[in-house]
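The values are calculated or read from the model by the stated rules, or taken from the named source; none is laboratory data. The shown structure was predicted, so the numbers you read here are calculated from the model rather than taken from an experiment. Cβ atoms come from the backbone with ideal geometry, glycine included; neighbour counts cover every protein chain shown.
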Amino acid sequence: MNHSSRHPAAPLNLIGELMNNSYARARKAFTERRPEDYAQLARTQADLGVKYLTLNLDGTARIQVKMEEMLSLLPDVIAAIQQATACPISFDNPSIKYHEVALKYYDRKKSGPPIINSIAASRTQLDQMIELVSAYDTNVVVMASEYFVPGGCAQCLSAADSHAAAKQLVELLVTKAGRRLDQIIIDPGLPPVGADTYGLVNIGLDAMRLIRRDPDLRGVHFIVGLSNFAWGTPKGVREQLENTYLTLGMEAGLDYAHANPEKSPGPLASDDPMVAKLREALNQGRIVGHETQETASYRQAEAIMAICHAAAPVES
């Protein structure tokens, strides 16, 4: 399999994700309360050409984090990062308290506008989040994987759902926060392809195509969390799968990705054999006739397993 056939000039903006407690170096920096280690992670990613730096101090399956711990460390971490690099920060947390502190201590004179990640139908303080976007003049990530229903929200299970969700949230940001469309980045969601029982990978790709055709949404950007895609697949195949997805995603309009820049993420050439294989595997996940999505997803899972088996390095 050809690992080197990359698109020669891909217009992809990476948001470096290494300052996240899913990564060992970030966990160590948080546990030892070392802002200087965050600064080093920021420099490393900036040197690799990322457009933004994600900063997420929240807990994961491997580490429990209290809100007061995050908020007390956040000012020093932001100061250290901004002293180390002018690369702007994307603040990633569902809590409005986190964003309030982060934006208070972020110096936009040094780094330009930050990103609030993210606005979503499920946010319990959505109005206050939108007020922060307006008050601090930020760019913003919008989650188009869930939509409003009376009394709450629900998961989007079709491209039309995602399109409607994006349209609702974009309208709120334009009317209530004065955002331009090019300040809004839409995340259609990206699940692990090996466990995609609801056809969500195809829904995300179809949603980007649908949104891109909507004249009322012309100018918005698209983003996914790239490392989600190949989660659970053999390690020797993951980067190939991620880069192959980028090829398909960018065809649909994707122009941002949360990713590990040390893995040199980037789309493969459109004629790379891996692209055709993934495209066909995802086509296997589309419903035929009166069958259920579960049946189609099982077909897709088998096709993905076949790709992994064929592409996995042979152990000596």
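Brief remarks on what is shown
- Qualifying residue in the range 26-42 (condition: of a type in the set (Asp, Glu), surrounded by fewer than 19 Cβ atoms within 10 Å (Cβ to Cβ), in a helix (DSSP H, G or I) and over 20 Å from the mean Cα position of the chain (by Cα)): yes
- The set of residues from the range 240-281 being in a loop (DSSP other than H, G, I, E, B) and within 20 Å of residue 189 (Cα to Cα) comprises 253, 254, 255, 260, 265, 266, 267.
- In the range 282-309, the residues that are of a type in the set (A, V, I, L, M), without any contact (Cβ under 8 Å) to a residue 60 or more places away in the chain and in a helix (DSSP H, G or I): 303, 306
- Within the range 59-150, strands (runs of 3 or more DSSP E) holding 3 or more residues that are aliphatic (A, V, I, L, M) and crowded, with 20+ Cβ neighbours inside 10 Å: 115-119, 139-143
- If you go through the range 268-283 and keep only what is under 20 Å from residue 159 (Cβ atoms) and buried (at least 18 other Cβ atoms within 10 Å of the Cβ), you end up with 278, 281, 282.
- Residues of the range 49-85 that turn out to be on the phi < 0 side of the Ramachandran plot and under 18 Å from the mean Cα position of the chain (by Cα), as a count: 11
- Just one residue in the set 142, 170, 174 is without any contact (Cβ under 8 Å) to a residue 12 or more places away in the chain, closer than 28 Å to residue 112 by Cα, in contact with a Leu (Cβ under 8 Å, 6 or more places away or on another chain) and not hydroxyl-bearing (Ser, Thr, Tyr); that residue is 174.
- Hits in the range 242-264 (condition: hydroxyl-bearing (Ser, Thr, Tyr) and either closer than 14 Å to residue 275 by Cα or touching a His at 6+ places or on another chain (Cβ under 9 Å) (or both)): 244, 245, 247, 256
- Residue in the range 167-187 that is modelled with pLDDT of 95 or more, in a loop (DSSP other than H, G, I, E, B), of a type outside the set (Val, Ile, Thr) and under 19 Å from residue 209 (Cα atoms) present: no
- Considering each residue of the range 157-164 in turn, at least one proves to be crowded, with 17+ Cβ neighbours inside 10 Å, in contact with a helix residue (DSSP H, G or I) (Cβ under 6 Å, 6 or more places away or on another chain), of a type in the set (S, T, N, Q) and within 28 Å of residue 213 (Cα to Cα).
- Any hit, the range 188-197, residues being at pLDDT below 95, surrounded by fewer than 22 Cβ atoms within 10 Å (Cβ to Cβ), of a type outside the set (Asp, Glu) and not in a helix (DSSP H, G or I): yes
- Among the residues of the range 76-132, just one is among the basic types (Lys, Arg) and at pLDDT below 95, namely 123.
- Beta carbons closer than 7 Å, at least 6 apart along the sequence or on distinct chains, pair a first residue in the range 227-238 that is over 15 Å from residue 301 (Cβ atoms) with a second that is surrounded by fewer than 16 Cβ atoms within 10 Å (Cβ to Cβ) for 236/312; 236/313.
- Matching residues, the range 31-54, being more than 15 Å from residue 259 (Cβ to Cβ) and either in contact with a helix residue (DSSP H, G or I) (Cβ under 7 Å, 6 or more places away or on another chain) or aliphatic (A, V, I, L, M) (or both): 33, 35, 36, 37, 38, 39, 42, 43
- Residue in the range 165-175 that is surrounded by the most Cβ atoms within 10 Å (Cβ to Cβ), counting only those that are β-branched (Val, Ile, Thr) and in contact with a strand residue (DSSP E or B) (Cβ under 9 Å, 6 or more places away or on another chain): 170
- Within the range 199-219, restricting attention to residues that are surrounded by fewer than 18 Cβ atoms within 10 Å (Cβ to Cβ) and within 19 Å of the chain's Cα centre (by Cα), the residue that is farthest from residue 139 (Cα to Cα) is 209.
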